[in-house]
Each structure stands twice: as C-alpha cells, then as structure tokens.
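Mind having a look at this structure? Questions to follow.
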Amino acid sequence: MTTSSSERGVSLGMPELPAPAYPDDVRARLETDAREIIARYPDSRSALLPLLHLVQSEEGHVTRTGMQFCADVLELTTAEVTAVATFYTMYRRRPSGDYQVGVCTNTLCAVMGGDAIFEELQEHLGVGNGETTADGKVTLEHIECNAACDFAPVVMVNWEFFDNQTPGSAKRLVDDLREGRPVEPTRGARLCTFKETARILAGFPDERPGAVEESGGAGPASLVGLRLAKGEVAPARVVHPRDGGPHDEPQGKAVHDPSPAEHLSSHDAPQESSASDPAHPAGPVAEEGE
C-alpha cells in the first residue's frame with residue numbers, strides 16, 4: 001500500500017512568487033537616494049551595505065522587495081544581495097519595533113549583570129529574543145558584544161549606549177520608550193526611531209537640530225589606555241565602590257569624587273574577589289579524587 005505526499009505530511013508547494021515592486025513614487029525617491037550612495041564608491045557593488053540600510057529605513061526591515069531593489073540598481077543577483085543581508089545582524093529580516101533594545105550578554109556584561117537584565121526584560125515586556133511588543137514600540141534582543149566592556153553591563157537602543165545598567169534601570173528605560181517619554185543615552189545623540197537611524201547609517205546627514213553636536217566619542221574609561229600611550233599621567237583618584245562605602249586612603253592622599261561629566265565605569269571601583277572574600281573562594285571545594 002502506498003501513501004500520497006499529502007498523507008505523509010509532505011507539501012510540494014509552489015515556487016515563491018517574485019517580490020512585489022515598490023510603488024512608483026517610492027521607487028523614484030529611493031532611486032534618487034541610491035544614485036547618491038553609489039556615486040561615493042569606485043565600484044558600485046561596494047554600495048550594497050549602505051543601500052541595505054536605505055531600504056531598511058523605508059520599511060523598518062529588509063524585505064524581499066528591498067533586496068530586489070538593491071539587486072536591480074547594482075546589477076547583482078538577488079542571491080548575492082541575500083547572502084549579505086542575512087550575514088550581518090544589523091539588518092532585520094522581519095518587522096520590528098521603533099526601538100531596538102539590545103542587551104549585551106557576552107562574557108563581561110553577562111557576569112556583571114547582563115544575563116539578569118535580559119531575563120527580567122523578557123518577563124517585563126512579555127517577549128522573547130528577537131520579538132516585538134504588541135504596541136510595536138520595542139524589539140528586544142541579546143547582543144554578543146556592544147564593544148563597551150568598560151561600562152558593563154551595557155544596553156543599546158538603536159545603537160546608542162546606555163552604560164552601567166541594572167535590571168531596574170533597564171525596565172525604566174523600556175517603559176519610557178513605550179510611553180514616549182524623553183530618553184537620553186549615556187553617550188551620543190538623543191534617540192531617533194530605528195527607521196531614522198537606518199537612514200543615517202546609509203550615509204545621509206542627521207538633520208535634527210543640534211544632533212550632530214550631541215554625538216560623542218568614547219567615554220573616559222575607554223580612553224585611559226590611549227592617554228597612557230601618549231605619556232599623559234592621570235591624576236590620582238579613588239572612586240567609591242558601588243555600595244557607596246568609603247575606602248581607607250594613604251596619609252596625605254585626597255579622595256577624588258568624580259563629576260557626572262567624567263562618567264566613570266563601575267569597574268574603576270575595587271570589587272570583592274576570592275582573595276579578599278574568604279567566604280566565597282574561587283575554584284572547586286572538593287578534594288582531588290572525590
């Protein structure tokens with residue numbers, strides 16, 4: 001006795017239809033922007049990355065229509081475009097929120113509290129990794145590294161830094177985003193939507209008044225090594241630990257209370273270790289062979 005493919009749960013299906021085209025007015029506008037981007041490069045295919053940001057700025061994610069558009073204007077195959085769009089995590093492949101909230105769960109951020117932040121945000125927002133809240137405001141995801149280890153744990157919103165976070169501060173952050181309250185990154189320009197961010201990443205200027213001046217560079221903790229390499233001697237300072245308790249200082253040494261502008265990392269404060277905290281030794285507690 002034989003069984004049909006449908007009885008075996010196998011669907012032969014139909015080939016996927018071609019991607020729908022952009023409306024004429026949208027395509028004309030995007031083609032104008034695309035020509036400006038392509039003109040920046042001696043080889044047109046080098047413009048693929050910014051062009052993917054451009055189409056992402058149109059719909060909030062890279063659609064099949066967007067990839068077909070990139071292939072058309074660059075004279076590439078859709079397979080070549082798809083290979084790039086699926087390789088880089090900065091390109092979204094499905095609808096997402098106005099604010100991309102990425103929690104670093106790489107090693108240092110994780111042990112400093114990143115894992116706890118991510119778990120509590122999932123419960124608080126009622127979404128999983130890569131999912132978007134029902135109001136379309138926030139997409140939550142874990143990030144392997146935000147390249148800001150000296151301010152761990154770090155959360156990024158539309159690629160802007162929110163340093164030294166806690167579960168409580170992260171929950172307040174996403175609540176403010178959903179309620180439309182002003183949110184100020186630790187470093188960099190004030191937030192804009194993910195679509196607006198994508199257009200800036202495509203290489204077009206941020207036209208918000210004062211936004212360029214607000215954009216900052218690395219924080220003081222990130223620049224310590226560079227200053228030492230240049231022969232600059234940092235002034236002696238002592239930073240209070242996270243619990244705010246005082247430290248015994250050598251005779252004649254002044255305690256330096258950093259100003260908010262310095263924005264020192266929490267890692268500048270001495271932390272408990274297995275050597276200083278016998279109640280929590282490192283390594284296995286059992287004898288060898290047990």
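Need pairs with beta-carbon distance below 8 Å; first residue within 15 Å of GLY102 (Cβ to Cβ) and free of Cβ contacts under 8 Å to residues at least 40 places away in the same chain and within region 164-184, second outside any helix (DSSP H, G or I) and open to solvent by 60 Å² or more (accessible area, probe 1.4 Å); sequence gap 6+ or separate chains.
Hits for this filter: VAL183/ARG190.
Still on this structure, please answer the following. Return yes or no: is ASP43 free of Cβ contacts under 8 Å to residues at least 24 places away in the same chain, of a type in the set (D, E, K, R) and farther than 17 Å from ALA202 by Cα?
Taking the combined requirement at face value, the residue does not satisfy it.
Take GLU36 and decide whether it is of a type outside the set (Ser, Thr, Tyr), under 12 Å from VAL73 (Cβ atoms) and over 26 Å from the mean Cα position of the chain (by Cα).
yes
Considering each residue of region 165-185, count those that are open to solvent by 50 Å² or more (accessible area, probe 1.4 Å) and hydroxyl-bearing (Ser, Thr, Tyr), and give that number.
1
List, please: which pairs have Cβ atoms under 6 Å, are six or more places apart or on different chains, and start with a residue in region 123-151 that is in contact (Cβ under 8 Å) with a residue 12 or more places away in the chain and end with one that is surrounded by fewer than 20 Cβ atoms within 10 Å (Cβ to Cβ) and among the basic types (Lys, Arg)?
HIS124/LYS171; LYS137/ARG178
Out of ARG208, ARG181, ARG172, I need the residue that is assigned to a loop (DSSP other than H, G, I, E, B) and either within 23 Å of ILE117 (Cβ to Cβ) or among the acidic types (Asp, Glu) (or both). Which one?
Exactly one residue qualifies, and that residue is ARG181.
Moving on. If a residue has to be assigned to a loop (DSSP other than H, G, I, E, B) and open to solvent by 10 Å² or more (accessible area, probe 1.4 Å) to count, how many in region 45-63 make the cut?
Matching residues across region 45-63 total 2.
From (1) under 27 Å from LEU48 (Cβ atoms); (2) surrounded by fewer than 21 Cβ atoms within 10 Å (Cβ to Cβ); (3) not β-branched (Val, Ile, Thr), pick out the condition that doesn't hold for ALA202.
Every listed condition holds for ALA202 apart from (2).
The values are calculated or read from the model by the stated rules, or taken from the named source; none is laboratory data. Quantities reported herein were computed from a predicted structural model and do not represent experimental measurements. Because the Cβ atoms are built from the backbone with ideal geometry, glycine has one as well, and the counts that use them run over all protein chains shown. Remember, those area values only see protein heavy atoms, side chains included, never the ligands or the DNA or RNA. Shrake-Rupley method; radii C 1.70, N 1.55, O 1.52, S 1.80 Å.
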